[in-house]
Amino acid sequence: MIIVVSMELDYIVPESTGGETVAENLCLACAGCNAHKYNFESGIDPETNIETALFHPRRQSWDDHFCWSNDGTMIIGLSPCGRATVARLRMNRRDVMESRSLWVSVGWHPPVDAQ
Ligand SMILES: [Zn+2]
């Protein structure tokens, strides 16, 4: 089985709402997460039901807002921002978790800098 995850250039602040094409406003996102992000800049924290700004990968630290489940297949939101981002981008979709499981089995995942 070959699993290909295509990456896309994402506008952190969407171009449709005035986001500029500058490095500060661009990041890589997998096609699935990018599609679910669409032109949103916020999401609902499922724990509090409060609308919260999505994670900003250029200004915030991944480790402050997310961690991996013990088996390395699921991203867990640690903060309102992290939980809202996991929910909005549906970061734990079944296909992605199956890919992560395979990556774990060959030692590619989770990334060393995100543990
Ligand atoms: Zn993704």
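The values are calculated or read from the model by the stated rules, or taken from the named source; none is laboratory data. All of these numbers come straight from a predicted model, not from anything done at the bench. A quick note on method: Cβ atoms are made from the backbone with ideal geometry, for glycine too, and the neighbour counts reach across all protein chains shown. To get the accessible areas, we keep the full protein, side chains included, count just its heavy atoms, and leave off ligands, DNA and RNA. Shrake-Rupley method; radii C 1.70, N 1.55, O 1.52, S 1.80 Å.
Here are a few things to note about the model shown:
- Subset of segment 36-77 (residues that are touching a Cys at 6+ places or on another chain (Cβ under 6 Å) and part of a loop (DSSP other than H, G, I, E, B)): Phe55, Pro57
- For segment 78-87, filtering for residues that are open to solvent by less than 30 Å² (accessible area, probe 1.4 Å) and either outside any loop (DSSP other than H, G, I, E, B) or β-branched (Val, Ile, Thr) (or both) leaves 5.
- For segment 88-115, taking the residues that are in a helix (DSSP H, G or I) and small (Gly, Ala, Ser), the one that is surrounded by the fewest Cβ atoms within 10 Å (Cβ to Cβ) is identified as Ser105.
- Of all residues in segment 58-72, those being among the polar types (S, T, N, Q), open to solvent by less than 70 Å² (accessible area, probe 1.4 Å) and over 13 Å from the mean Cα position of the chain (by Cα) number 1.
- Comparison of Arg83, Arg88 shows that the only residue that is out of contact with any Lys or Arg (no Cβ under 7 Å at 6 or more places or on another chain) and basic (Lys, Arg) is Arg83.
- Hey, Phe66 within 13 Å of the ligand (Cβ to nearest atom), over 21 Å from Gly19 (Cα atoms) and among the aromatic types (Phe, Trp, Tyr) or not: yes
- Any hit, segment 23-44, residues being more than 16 Å from the ligand (Cβ to nearest atom), closer than 20 Å to Val104 by Cβ and open to solvent by 30 Å² or more (accessible area, probe 1.4 Å): no
- For Thr52: the one exception among (1) surrounded by fewer than 16 Cβ atoms within 10 Å (Cβ to Cβ); (2) away from the ligand (no atom under 15 Å from the Cβ); (3) not aromatic (Phe, Trp, Tyr): (1)
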